[in-house]
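The values are calculated or read from the model by the stated rules, or taken from the named source; none is laboratory data. In this text the structure is predicted, and so the values were computed from the model without any measurement. FYI the Cβ positions are ideal-geometry reconstructions off the backbone, even for glycines, and counts take in every protein chain you see. In case anyone asks, the SASA skips ligands and DNA or RNA and just uses the protein heavy atoms, side chains included. Shrake-Rupley method; radii C 1.70, N 1.55, O 1.52, S 1.80 Å.
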Amino acid sequence: MPGLVVVGAQWGDEGKGKVTDLIAERADVVIRYQGGNNAGHTIVRGEDVYKFHLIPSGILYPGKLCLIGNGVVVDPRVIIEEISGLHARGVDTSGLRISANAHVIMPYHLLLDHAGEAKLGKLQIGTTRRGIGPCYADKAARLGIRVQDLLDESILRKKIYTAMEPKRQSLRPFAKDPALDLHTMTEEYLVYGHRLEQHIADTSKLMWEMLDAGQVVILEGAQGAMLDIDHGTYPFVTSSNPLAGAACVGSGIGPKAIDEVWGIAKAYTTRVGAGPFPSELHDSTGEEIRKRGGEFGTTTGRPRRTGWLDLVALRYAARLNTLTGLVITKLDVFSGFDTIRVCTRYRGDDEASFDAFPYHQSVLHHASGEYVDLPGWSEDITGCRSWSDLPEAAREYLDFIADFLGVPIVLVGVGPGRDQIIWTEAGDRLNAAAA
């Protein structure tokens, strides 16, 4: 299976980094195809914890090619810090390549992001204020600065001037900020370009060559399906397309190169920031899930909102991505629960009951979950390494999810450690195919 997409099937933070790290061992290339440093992956290897914001998880394997695709927006300061941090820990980054066509987050993007959220007040979207949205906006407006521009002083200076001109009014409160001086900005970003030059490449061509050679390519998404700018809970979404369909556009390959699409979901549901969340818990149970699951943002440290597993939203994500396999993470969080609830339908404010994810925002914002209660288990499952090791109630919970979605479960996470996983029979077959 030369092309495997790993995509978040909820509102992000599902554990995609750990899963990518696991399967990257059998891959030749890992490419990140969208998002920016508003995303975060945490990888636990023994006593070592790695937190990535831009660099693909596969970087921890020497000799692997790790690409940042054209669909990603890059803050050069952040990626240089990540590279330096990895060097300090003895990690080889020689396999890192950044698309010359990826767009660059500039100082004015950060300022506009902060100002925009502050202006919204109570209507804030809940962005990470990393400049991601304004950078994508400039890309769409054809005012963007691309990574390749950091290697040409005359082009960079002209493009910065052109990009800032229509923003003069919005940037007026920051007129005296030295970071917005044209000369200073140009010189600073030329230095970044010089430091990153060895990593800048035509990543699409690299992908074609690897695929032509029959090598295994993992395409890694950020955020999750429910944060997709077209199909998510708009406007409380990210500024790009995390869906599997965007993997081709964001990396520069065709759809026939994709063989498998794995969706990652927690055994429960979380989201960060504002927006509708039909299965959200506002009680001690929600707090207990947050505590047990360590539900605090990798990038922001914000506490995540928690709720029961929402199968209505998850089935919607499965269809949007044409999932061929499902990974369930953090199943161990439910050990000790007498009963586990699963949201299988929504109820509107008019008491109407429906099982399809609503397209209209007014309906979604007033929807609440209808639940099926399943038996819990008391056993500690963090030591389980096979399907048969799991308590019967845990297996029944997973079977219920797979049957409801019509998607086989390929992998189950039972703890934060790299070894705390269970490959199912379906996962073993796919894993063997990649070997």
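When restricted to residues that are farther than 15 Å from Leu331 by Cα and surrounded by 14 or more Cβ atoms within 10 Å (Cβ to Cβ), the range 393-413 contains 4. Residue count for the range 152-176 satisfying the condition of being under 32 Å from the mean Cα position of the chain (by Cα) and among the charged types (D, E, K, R): 3.
Listed here are the residues, each with its yes/no results for (1) aromatic (Phe, Trp, Tyr); (2) surrounded by 24 or more Cβ atoms within 10 Å (Cβ to Cβ).
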{"site": "Val6", "(1), (2)": "no, yes"}
{"site": "Glu25", "(1), (2)": "no, no"}
{"site": "Asn37", "(1), (2)": "no, yes"}
{"site": "Tyr61", "(1), (2)": "yes, no"}
{"site": "Ser94", "(1), (2)": "no, no"}
{"site": "Ile98", "(1), (2)": "no, yes"}
{"site": "His109", "(1), (2)": "no, yes"}
{"site": "Leu112", "(1), (2)": "no, no"}
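Scanning the range 284-300 turns up one or more residues that are modelled with pLDDT of 95 or more, β-branched (Val, Ile, Thr) and open to solvent by less than 10 Å² (accessible area, probe 1.4 Å). Being touching a Cys at 6+ places or on another chain (Cβ under 6 Å), of a type in the set (A, V, I, L, M) and within 23 Å of Thr285 (Cβ to Cβ) is a condition met by no residue of the range 355-372.
Taking the range 32-71 as the region of interest, the strands (runs of 3 or more DSSP E) fully inside it that hold 3 or more residues being closer than 18 Å to Asp419 by Cα are 41-45, 48-52.
Within the range 366-392, the residues that satisfy the criterion of being open to solvent by less than 60 Å² (accessible area, probe 1.4 Å), hydrophobic (A, V, I, L, M, F, W, C) and either closer than 23 Å to Gly417 by Cα or touching a residue at least 60 places away in the same chain (Cβ under 8 Å) (or both) are Ala367, Trp377, Ile381, Cys384, Leu390. I'm trying to understand the selection: among the residues of the range 243-257, which are open to solvent by 40 Å² or more (accessible area, probe 1.4 Å) and under 17 Å from Thr324 (Cα atoms)? Once the filter is applied, which keeps residues that are open to solvent by 40 Å² or more (accessible area, probe 1.4 Å) and under 17 Å from Thr324 (Cα atoms), the range 243-257 yields Gly245, Pro255, Lys256.
Residue count for the range 309-336, restricted to those that are in a loop (DSSP other than H, G, I, E, B) and within 16 Å of Ala394 (Cβ to Cβ): 3.
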